Structures are given as C-alpha cells and as structure tokens.
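Step one of this worksheet: look at the structure below.
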Amino acid sequence: MPFAPSDSDLCEIRRRDGRLDEAAAHGRRAVALDPGDPVGWYNLGVVLYDRLEIAASIACERRAIRLAPDAPGPHFELAEGLLLSGQWEEGWCEYEWRWRLPGLPPLIPPAALERHGHTAARSWDGRPLPGGTLLLVADQGFGDTIQFARYLPMAAALCPNLVVACSPDMQPVIRSLPGGYRTVTDWDAAPPFDAYAALSSLPGLFGTRPDTIPAPLPDLRAEAERVERWRERLDGLLPPRGYRRVGLVWAGRPTHGNDRNRSLPLARLAPFFALEKTVLVSLQKGPAQAEAARYYGTAPLVDLGPELESFADTMAVLEQLDHVVCVDTAVAHLAGAMGRPTVLLLPYAPDWRWLLGRGGTPWYPTVTLHRQPAPGRWDEAIRGAVAAVAGSNFRASGRPSRR
C-alpha cells in the first residue's frame with residue numbers, strides 16, 4: 001500500500017513548493033487532529049513565518065516547545081520569529097539552540113581540540129580575558145561574517161590577544177580591518193587558546209538590541225594597489241564618468257536553503273536596463289553568471305564576474321561604483337559595510353536581520369530595503385529600487401543596445 005503523507009508532512013511539502021495557503025491549511029488541520037504532536041505545531045509555525053504571520057508563528061513554536069522542550073527545531077524557529085520582530089533579548093537566547101540542530105557540525109572539530117591540547121578551553125561568556133587568547137570562529141556564511149565582524153573591536157577590548165578563524169575567502173575582509181586581527185584558515189595553524197566563541201554569537205553576548213547595533217566595520221577599504229589596478233581596468237571598459245555605474249547581483253548560492261525565494265533571474269531587473277546614462281556592472285558569480293551573456297537592454301552591461309577572483313577584487317570594484325543593486329547575498333553586506341549606496345531586494349519573508357516593515361536597516365545606514373509585498377512579487381520591489389538608484393533623473397530610453 002503506498003505511503004500517504006500526513007497533514008503535517010503535507011504542510012512542509014507544500015511550503016517547500018511555495019504553496020503557502022495549502023501548506024497552512026494542512027498545518028492547521030494537523031494540529032486540530034493531533035494537538036499533542038510537537039512536529040505539527042513546528043511545521044505550522046514555519047509556514048506561518050513564511051506568510052509573515054509572525055505572532056502566530058511564535059505562538060506555534062512556543063506550543064511545540066511545551067510539548068517537546070528539548071527539540072532544537074522549534075527553539076531555532078522561535079528565535080527567528082523573535083529576532084525578526086525585534087524581540088532580541090529572548091531571541092538571542094533561543095538562537096543558541098542552533099548548535100543542537102541535527103547535522104550541524106561542532107564549532108571546533110573535536111580532533112582539532114585534542115590535537116592541540118585545547119580540550120580545557122571554555123566557551124567564552126563575554127567577560128574580560130586578560131592575558132588569555134580568544135579564538136573567534138566565523139561560523140556561518142560570508143554575509144554573516146561581514147555583518148558580525150563589527151563586534152571584533154568590542155571583543156578585542158576585552159581580550160586583546162584575539163585570533164579569528166575564517167575561510168580563505170573571508171581572510172581579505174578581516175585583514176583589511178584597522179585592528180590588525182590575526183587570522184587562521186586551517187585548524188592546524190590555530191595557536192593555543194583559552195576560550196572560544198562563534199562570531200554569530202557575539203550580538204547575543206553583547207546584549208545587542210535594534211537600537212544598540214554597533215556601527216559597520218570601521219574604515220573597511222580595499223587595498224590601494226588593487227583599487228588602482230581595477231580603476232584602470234574599469235576606465236578602459238566602461239563609458240566616460242558621466243555615466244552612472246550600477247553594480248548588479250541577482251542570485252545567491254543555489255545551495256542556500258532559501259535561495260528559491262531570495263534569488264531572481266537577471267531578466268526580472270529589466271527596469272534597470274532602460275536607464276539612460278547608466279552602465280550596469282555585473283558582479284554575479286556562480287551558475288547565474290551565464291545569464292549576463294544573454295543580456296539585452298539600453299544600458300550597456302559589463303560582466304566582471306569571471307574576473308573577480310576574491311572578495312578583495314570585489315571590494316576594489318565596489319569602490320568604483322555609484323550604486324549596488326543586490327539580492328540578499330554577501331555582496332550586499334560587503335557593500336553596506338563599505339558604506340556604498342546599496343539597494344537590497346528582499347523576499348516577502350526576509351531573513352531575521354532585516355526586521356519588519358523598514359525601508360532601511362540599522363545594520364547598514366547606506367542600504368535601502370525593497371521588499372516583496374507578497375510572496376514571489378518582485379515588480380513593486382524592483383520599481384522602488386530603480387527609483388532609489390535613479391531618483392528624479394530616471395527616464396526610460398527607447399533604443400536598446402546589446403553587449
């Protein structure tokens with residue numbers, strides 16, 4: 001006899017397909033039929049988050065936690081709802097449940113702890129560590145690392161002997177900060193340390209609220225020599241300086257859990273293609289980069305994706321641009337941290353860090369947020385982004401050019 005999925009299963013299946021109304025109906029039926037099943041409440045809470053019914057989502061996850069106090073999934077989903085709605089004191093506590101999610105590797109591999117005799121090292125509690133060494137681990141994606149690197153000066157004030165463990169991709173960003181932080185990209189290179197913490201745990205350790213977010217990375221700038229090299233390259237590729245230079249990133253990493261909602265095809269940005277006295281500069285990497293070869297629009301487009309070998313190159317190019325148009329990827333964080341004028345296109349249910357109902361973000365003062373008014377509806381967000389870039393000087397031109 002074929003397997004018949006339960007309403008709770010169908011809630012999650014339909015949610016993943018983007019059929020949120022059906023998902024919510026299945027979820028509500030599941031908890032009505034079996035109100036003692038924590039999985040049913042958890043799944044319903046997840047789909048209600050996607051529908052931006054945040055208060056109801058939080059209530060569902062609290063119900064799931066009462067039924068299964070040690071289940072990490074509801075705690076983590078509760079954290080996202082609390083953080084998105086600005087309830088950060090409780091949200092940061094719940095956010096630490098992410099370490100118990102199935103399949104998540106430990107912050108530091110046990111073999112690395114044993115090999116270097118670090119088994120006595122303790123998890124840092126945010127208190128001063130005079131004379132000791134603190135290892136901070138860039139534990140999440142590139143964007144998260146850039147966002148939370150602003151806490152490095154605060155950590156260094158409590159523990160001057162600071163080491164940052166990060167990926168090779170992030171090393172140029174961390175090294176460009178004025179603090180001169182030591183970085184390691186291999187566990188074998190990690191020095192003896194007395195305490196450790198995840199970079200993504202620092203907002204909670206410092207008791208951050210939406211009105212106490214530290215300023216972005218101070219004086220984050222690309223290497224002068226690299227900037228000059230890219231200036232010469234761009235001046236040879238792009239129209240004269242009378243043209244507005246607008247960087248584009250329209251897709252994130254395909255393996256990201258929410259990529260279907262946050263990314264879009266280049267063709268959806270067509271209103272930007274009609275801008276006069278504008279040159280579009282593609283910073284897109286990954287599979288979506290191939291779309292640049294099929295571009296057709298009035299504004300010329302220059303594809304730099306194949307030439308960007310590292311974030312050091314991206315930083316140098318960002319310094320040459322007037323605006324950046326981006327979906328929710330690491331480039332948005334990098335441009336915002338560098339103080340570049342950036343318009344960020346957000347899906348209907350955004351990541352928690354962008355909060356609710358705001359046109360700007362306390363994380364990055366030069367970033368404006370342009371949100372979908374309903375799931376999958378990009379047109380309104382894109383129109384707002386075009387207006388932010390072009391201002392009152394926007395006027396569509398009728399003659400397309402192909403590049």
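Looking at the range 81-114, which of its residues are in contact (Cβ under 8 Å) with a residue 24 or more places away in the chain, of a type outside the set (A, V, I, L, M) and farther than 18 Å from L205 by Cα? Matches in the range 81-114: G81, S85, R100, P102, P109. When every residue of the range 231-246 is checked against the conditions, at least one turns out to be under 26 Å from the mean Cα position of the chain (by Cα) and open to solvent by less than 10 Å² (accessible area, probe 1.4 Å).
Considering the range 72-99 alone, what residues qualify as being small (G, A, S) and either buried (at least 20 other Cβ atoms within 10 Å of the Cβ) or touching a helix residue (DSSP H, G or I) at 6+ places or on another chain (Cβ under 6 Å) (or both)? Write out each step before concluding.
Of the residues in the range 72-99, the ones small (G, A, S) are 73, 79, 81, 85-86, 91.
G73, A79, G81, S85, G91, listed by residue number.
With respect to the conditions (1) in contact (Cβ under 8 Å) with a residue 24 or more places away in the chain; (2) in a helix (DSSP H, G or I), L177 falls short on a single one, namely (2). Please go through the range 279-297 and give me each residue that is free of Cβ contacts under 8 Å to residues at least 40 places away in the same chain and either part of a helix (DSSP H, G or I) or open to solvent by less than 60 Å² (accessible area, probe 1.4 Å) (or both), ordered by number. Those that are free of Cβ contacts under 8 Å to residues at least 40 places away in the same chain and either part of a helix (DSSP H, G or I) or open to solvent by less than 60 Å² (accessible area, probe 1.4 Å) (or both): L280, S282, Q284, G286, P287, A288, Q289, A290, A292, A293, R294. Scanning the range 105-116 finds one or more residues that are touching a Phe, Trp or Tyr at 6+ places or on another chain (Cβ under 6 Å) and surrounded by fewer than 20 Cβ atoms within 10 Å (Cβ to Cβ). One residue stands out among those in the range 356-379 that are free of Cβ contacts under 8 Å to residues at least 40 places away in the same chain and part of a loop (DSSP other than H, G, I, E, B): the one that is most open to solvent (accessible area, probe 1.4 Å), which is R377. Candidates are the residues of the range 326-355 that are outside any helix (DSSP H, G or I), charged (D, E, K, R) and in contact (Cβ under 8 Å) with a residue 60 or more places away in the chain; the one that is surrounded by the fewest Cβ atoms within 10 Å (Cβ to Cβ) is D351.
The values are calculated or read from the model by the stated rules, or taken from the named source; none is laboratory data. No experiment lies behind these values; they were computed from the predicted model shown. Because the Cβ atoms are built from the backbone with ideal geometry, glycine has one as well, and the counts that use them run over all protein chains shown. The accessibility values were calculated without ligands, DNA or RNA, using every heavy atom of the protein model including side chains. Shrake-Rupley method; radii C 1.70, N 1.55, O 1.52, S 1.80 Å.
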